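Comments concern the structure below.
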Amino acid sequence: MNHPRLVDLSGTASHLLTGRIVTIGSSKECHIRIDDKQVPSRAAHCVFTGGSYRLQRLSENSNVTVNGAPIKNAVLLKPGDSVKIGGKEFRFSVGDADYEASSIPPQKTERELTGELIAVVITLLRNRGEEVFPQLVASVSRLLKCDASRLVVENEDTGERTTIARYPRGSGLDRFSNRAIDWARDESATILIHDIDWKDADEEQVSLERNLVTSVLCAPLKEGTSIAGYLYCDRLKESERFSEEDRRFCDLLAPLFSEILSAHKERMTQRETISRLQQQGMEQSGGMIFESAAMGKVVELASRLAATESPLMITGETGTGKELMARFVHRHSRRADKAFKAINCGAIPENLIESELFGHEKGAFTGANARKPGLFEAAQDGTVFLDEIGELPLQLQVKLLRVLQESEITRLGGTETVRINVRIVAATNKNLEEEVRKGTFRQDLFFRLNVLTVTLPPLRDRDRDILLLADYCIKKYALQFGLQEKSLTSRARALLLSYSWPGNIRELENTMQKAILLSSTNRINPEDIQLGSQPTPGGAGEEIDMSLKAVRSKAEKDAIITILKKTSGNVSLASKMLEIDRKWLIKKMNELGIEAGGFRPPS
């Protein structure tokens, strides 16, 4: 679906008409610029009035025609019309998405428009969470045959005025008269003014005349003895002026808008209260967001186990929040004021992870120019979190076992033992008992680590948390990207609840990040939500895990190939762009069967 637009027939340019007044001419300040010295700086403009766009000539020197006929004043544009300005020819095209109130036949009858308004009110009554202001303002505008209207709220303390809904969507924010609003406030009644009434106000005159406004209606929206906002409507030069009958009709509508505005403020207050309570709950739960009983039991267990000094194992599918749980345990332990250090045992090359964990002495290997403390030393008296512990190489499992048994380490390349005092929290999405049977994980280390266990439930078993987490992600990314806060439609919520979330919270977070960017309104619809293919029901856990590994492996391979193409096979530069160690990149390339030489240009 498209906006109304002028399509340049000499090329592929297509100019959207989204504003109330779209100026055309040779000046750089025009919305549509024609690079022709024979065309005046401001030759014509398209004005949205009476629900349609009209083309108006601005200069007697302008050669402006519609369907080959010269125009003197203003001409209503219809789909398919040929518009020629100087030597440039356009075709006027109309879509049906944002061209709201088009007067192009067939027009809606007054009864149909009244029914439309009633439907909006019914929507509000049925679902008080729906934001109906845009639809309501559009319906009233059609009934009153406005060229523009807006709903303005006023901050009682600061007097600041904010437009929360406008019609049409492209109307400028500077198009309304503060003087008219002040008058409505002082009179405490709906006021009607025409262009003759603001002739003595220079600032108002410039703004309103520039926008071709000739008639204004403004109704104060009362909340008890105070005024919460204003319904503001105007008509332009080509439209009939508002009448006293229009003023009385606007007066009748004011109580409806007042009630809806009051309900809106009440909802906002409730949301703020809920948000504050949720934030308090998050602080108490260490950042955990949940309502489900399944997660509540896990958090209660973790709270009790946090007070102990024994090693702790956190298990669960990938993306369930194991590191977040590890941090929760640390914050609720006696070591909370000490360091928390985390490392992913599966993300660091085998030849580097020993140095990362245990440190190294000067000269231990090429490039070791000084002694470097390892993770265990850096976390002295605190907590060390070993994520993906099942990926730890066997020879390092022996050294980790010594840490658990003797509370001491030896740096790589050294002989001196270093006493340490840390609590170890490990995590895995693997079945370590199965890894022990395979011989890839030491049984004695498994018994040492598996003293206390917390198992995180998958998101599909936390129905009550899915929407709670989705709303949290929406608020988080709206703030991060500087966007207006958005909300999920009922159909979007149903879609999220019907999905199995194989990637768990991590997948949900990524999905909502994309949805808030794809959504073009303040509502997130099902079409804005991109979900992966549903896994086959009843599949074994190991098969699902393998398929996720395959997906990750493919993503890694695609990313490496893309960067190697960009760098013409330069591995060092590719490792910097991928933000990983060069040796780790070479290791991954060998695993994935990628040769850098294939991307280098022939000598």
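The values are calculated or read from the model by the stated rules, or taken from the named source; none is laboratory data. Everything quoted here is computed from the prediction, not taken from an experiment. So basically every Cβ, Gly included, is an ideal-geometry build from the backbone, and we count neighbours across all protein chains shown. Ligands, DNA and RNA are stripped out before the accessible areas are found, and what is left, the full protein with its side chains, is counted by its heavy atoms. Shrake-Rupley method; radii C 1.70, N 1.55, O 1.52, S 1.80 Å.
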Using 0.36 nm per residue, how much length does the chain from residue 42 to residue 513 gain when fully extended, once their Cα-Cα distance is taken away? 165.3 nm
For 584, 501, 183, write out the residues from largest to smallest accessible area, computed with a 1.4 angstrom probe and no ligands counted. 183, 584, 501
In nm, to one decimal, how far is the modelled label at residue 223 from the one at residue 297, with both set 7 Å along Cα→Cβ? 4.5 nm
Checking the table 557/583; 78/237; 475/554; 28/88 against a 22 Å threshold on Cα-Cα, which pairs fail? 475/554
For 419, 448, 411, 161, write out the residues from largest to smallest accessible area, computed with a 1.4 angstrom probe and no ligands counted. 419, 448, 161, 411
With each pseudo-label sitting 7 Å past Cα toward Cβ, what's the residue 244-residue 485 distance in nm, one decimal? 4.6 nm
With Cβ to Cβ distances under 15 Å as the rule, what net charge do the other residues near residue 338 carry (K, R +1; D, E -1)? +2
Plugging the Cβ-Cβ distance of residue 308 and residue 530 into 1/(1 + (r/R0)^6) at R0 = 45 Å yields, to the nearest 0.05, a FRET efficiency of 0.55
Using 0.36 nm per residue of separation minus the Cα-Cα distance, give me the extension gain between residue 497 and residue 352 in nm, one decimal. 48.0 nm
Please give the length that would be gained between residue 178 and residue 252 if that part of the chain were fully extended, namely 0.36 nm times their separation in residues minus their C-alpha to C-alpha distance (nm, one decimal). 24.4 nm
Please tell me which of these pairs span more than 31 angstrom C-alpha to C-alpha: 72/145; 338/372; 145/514? 145/514
Zone residues, segment 322-356, relative to residue 592, backbone N less than 18 Å from point 7 Å out along Cα-to-Cβ: 346-350
Heavy-atom accessible area of residue 577, protein chains in place, probe 1.4 angstrom, given in Å² to nearest 10, is 100 Å²
